[in-house]
Amino acid sequence: MLVAPEENIVRAVCSDKWDGQRLSPSLFTGERTSVSRLSMIPLIDHWDMFRKYVQKPPERTLERIAEINVGVLQEAGLVHSKTELTVEASPLDWNRAHAEIPQKITRGLANAILSKLKLHESPGSS
Amino acid sequence: MMLDYANVQTPAYRLNDDLAKPSYISTVHRFSLDDTEEENAVLEKLGSRGWGRVHYFRSHFDIGWGENGNGKTLSPRAYDAFLRFVQVAQFPAGIVPSVFLTDGGGIELSWEDQDGHPVQIEFQRDGAEYFLGATQTEGFSDYQKIDGLVHALET
């Protein structure tokens, strides 16, 4: 099932991809990039879910959650490289809001996507 | 919070609480110190934060790390190429590149040129993937041509 352009999606940003100043484009490069749908699970609940299932201290700790609108993501793909990006629902046992971007995202396109992201800090963090 | 590279305060490197404890973790790998010149170059050009992250990636990322268990450990060839690059590269004044570990076991440097455009190079097992934001150029270079790549990324 394709996720509608009106929806917003998020992606966990762990310490291997965020150093406190910059975000790595490898957060989005490659195929089948995992994302999660805010329409199904609110942002506030994503923090606990990602801490439980995505982060793995001390290797990688959850640092930020990156958010983007699906329509904005798709526009970025078309403008940058005429790439038609889709987001496809792909529920998992631990995350019913899980979805994937199946298309291959190049480094250049990933950089274009990075510029559109909204980065969230953990609630209550300084 | 929208990311604003120009005004983000750079925190000093802070050791994760788990790493600050004595290492009883069987997955921690002990490496002997690299060549002093190489260590100094990493520390000088990437700062204490970058130097700490490099050792963090080398010591704590076992195969299977990552969200789907697909992460690979840092490639020794990639790391060697990274060290050689850091030793010879000249970054813009006042710019301290960031360093990241990629899921494929590569090590990536990211910084901005003098006009604020992103510049990235990811050292992989067989070569380096690069991106120049100023010209929207991306490509792959094998390690035999790394000197040319250094020059291209600096200009």
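Placing unit charges on each Cβ (+1 for Lys and Arg, -1 for Asp and Glu) gives the protein assembly as shown a dipole about its Cα centre, and among B:Trp51, B:Gln90, A:Ile68 the Cα reaching farthest toward its positive end belongs to A:Ile68. Placing a pseudo-label 7 Å from each Cα along the Cα-to-Cβ vector at A:Lys52 and A:Met1 gives an inter-label distance of 2.2 nm. At most 13 other C-beta atoms within 10 Å and a DSSP loop state: those are the exposed trypsin sites (Lys or Arg not before Pro) I care about. Give me the longest piece of chain A that has none. Between the exposed loop sites, the longest stretch runs A:33-81.
For region B:74-126, the normalised intensity computed at q = 0.16, 0.28, 0.30 Å⁻¹ comes to -0.46, -1.09, -1.17 (log10 of I(q)/I(0), Debye sum over alpha carbons, equal scatterers, no solvent). In plain terms, chain A is cut at each of the GluC sites (Glu not before Pro) found in a DSSP loop with at most 13 other Cβ atoms within 10 Å, and the longest leftover piece is A:32-83.
Inter-label distance, A:Lys118 to A:Trp94: 2.7 nm, where each label sits 7 Å from its Cα along the C-beta direction.
Each Cα pair under 8 Å and six or more residues apart adds its sequence gap; the mean of these over the residue count of chain A is a relative contact order of 37 percent. Within the straight-line cut-off of under 25 Å between alpha carbons, the lysines reachable from A:Lys118 are A:Lys17, A:Lys52, A:Lys56, A:Lys82, A:Lys104, sequence neighbours fewer than 8 places apart in one chain being disregarded. Kindly provide log₁₀ I(q)/I(0) values, in the same order as q = 0.10, 0.14, 0.19 Å⁻¹, from the Debye equation applied to equal alpha-carbon scatterers of chain A. Results for chain A at q = 0.10, 0.14, 0.19 Å⁻¹ read -0.28, -0.56, -1.07.
No lab work stands behind these numbers, since they all come straight from the coordinates. Remember, it's a predicted structure, so these values are computed and weren't measured experimentally. Note: ideal-geometry Cβ built from the backbone for every residue, glycine included; neighbour counts use all protein chains shown.
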